Every structure is written in structure tokens, then in C-alpha cells.
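Please read the structure below before turning to the comments.
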Amino acid sequence: MQEDTQKARDGDRRHILEQELAGEQRSLEQAKKELADLLATGASSDRAAPYRDRVGQHERNIQAIQKELGNLK
């Protein structure tokens, strides 16, 4: 019975992580679009830095979630 409970928890955890992953992927695409739009206006490197940071943060979040999902197998 404990094994069934653990499997249910793992299934719930996987579902939550998959939802978080999808959200981060959407956020990453939006951040990339905003950065590209800003760079298209000829913005300075200093002005674009926070946008690059945001893209990097979403990429790191995606990697962390994918690692957690891999550990659930």
C-alpha cells in the first residue's frame, strides 16, 4: 500500500513539474521575443542586459525542472 501511495505522489509531482516546465518554456519564448524586439530597435548592450538575464534565468529554470523530471523515472 505504501508503494501505491508513493507512485501516486510521484505521478502528482510529475504532473506539477510538467506544468511548470510548460510555463517556463512559454516564458522563455516571450523573453526571447522581447529581447529580439529590443535589439531590433538598436538598444545598447547595457539596456539589453536585464532582458538577457531574464532569458538565462528561464533557461536555467527549464534545465532544473528537466533534471527533476529525470530523477522521477
Practice problem: Could you calculate the FRET efficiency of residue 25 with residue 5 from 1/(1 + (r/R0)^6), where r is the beta carbon distance between them and R0 is 30 Å, rounded to 0.05? | Solution: 0.45
Quiz item: For region 12-21, in order, what is each residue's ³J(HN,Hα) by Karplus, 6.51 cos²θ - 1.76 cosθ + 1.60 with θ = phi - 60°, in whole Hz (x at glycine and Pro)?
Solution: 4, 4, 4, 4, 4, 5, 5, 5, 4, 4
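Averaged per residue, what accessible area in Å² does the chain show with a 1.4 Å probe, protein chains only?
On the way: 5520 Å² over 73 residues.
Spelled out: the 1.4 Å probe surface of the chain, per residue, equals 76 Å².
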Exercise. Summarise the accessible area of the chain (1.4 Å probe, protein heavy atoms) by the percent that is carbon and sulfur.
Key: 48 percent
Quiz item: How big is the chain by Rg and Dmax over its Cα atoms, in Å?
Solution: 17.3, 62
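The values are calculated or read from the model by the stated rules, or taken from the named source; none is laboratory data. No experiment lies behind these values; they were computed from the predicted model shown. Quick reminder, even Gly has a Cβ in these numbers, built from the backbone with ideal geometry, and neighbours come from all protein chains shown. The accessibility values were calculated without ligands, DNA or RNA, using every heavy atom of the protein model including side chains. Shrake-Rupley method; radii C 1.70, N 1.55, O 1.52, S 1.80 Å.
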